[in-house]
Amino acid sequence: MIALAAGLIVILAALSPWSDAAADTTLTAHMLQHVALTMVAAPLLVLGSGGLLRVLPRRVGRILVRLGHPLFGWTAFAVVQLGTHFTGFYDFVLEHAWAHGLEHGLYLVSAVWFWWPVLGRRWRGGVLYLLAAMPVQAAIGVVLMSSDRRFY
């Protein structure tokens, strides 16, 4: 319960008007907002949702367990991260205010899905799984920091 509350507090802080204003000013603040949602709030939400599958209808629980396969979570997280950073999606977000909320929702949902195999079910391959996600994150950082082209 504490982890769930902490995750919700991180989400509120990351999406607060102050954080949004800072994110509109600097790339660093913008990326910190994304990191707060994906690497702090999402794992806390997963840790705090321990009994969720027990209270859902059995059929829904089975579907969620199947969708919780590590390959699905990893792929969804990578696709969302790469797709929002290296396509025209971010420019679309700048032109349509509602899409900014969609972007943050995609980050949070894909990150919860990503963290679920490691923290939600205590899967044995968790360390390798997390290590396999690092190149995707690193590639985004390297391209954004070293490119002569301005992305945003």
How much accessible area per residue does the chain have, counting only protein heavy atoms and a probe of 1.4 Å, in square angstrom? 61 Å²
Scanning the chain for helices, which whole DSSP H stretches are 20 Å or more long along the axis (Cα) and average -1.0 or more by Kyte-Doolittle? 70-86, 97-115, 126-146
GNM on the chain, Cα springs under 10 Å; top mean-square fluctuation among Phe77, Phe89, Phe114 goes to Phe89
With no solvent and one point per C-alpha, what does the Debye sum give as log10 I(q)/I(0) for the stretch 1-52 at q = 0.24, 0.30 Å⁻¹? -0.79, -1.02
Please work out the FRET efficiency for the pair Phe86 and Ala22, using the Cβ-Cβ distance as r and a Förster radius of 22 Å; give the result to the nearest 0.05. 0.40
Accessible-area order for Trp74, Trp98, Trp18, largest to smallest, probe 1.4 angstrom, reads Trp18, Trp98, Trp74
Gyration tensor (Cα only) of the stretch 29-79 to equivalent ellipsoid, semi-axes in Å sorted down, yields 25, 15, 7
Tell me the Kirkwood hydrodynamic radius of the chain in angstroms, computed as one over the mean inverse distance between distinct C-alpha pairs. 16.4 Å
Please build a GNM for the chain, connecting alpha carbons under 10 Å apart, and tell me which residue among Leu52, Leu37, Leu71 fluctuates the most. Leu52
Just need the relative contact order of the stretch 1-131 here, percent rounded to a whole number, with Cα pairs under 8 Å and 6+ apart. 30 percent
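The values are calculated or read from the model by the stated rules, or taken from the named source; none is laboratory data. This is a predicted model, so every value here is computed, not measured. When we count neighbours, we look across all protein chains shown, and the Cβ atoms used for this are built from the backbone with ideal geometry, even at glycine. Areas reflect the complete protein model, heavy atoms only, side chains present, ligands, DNA and RNA absent. Shrake-Rupley method; radii C 1.70, N 1.55, O 1.52, S 1.80 Å.
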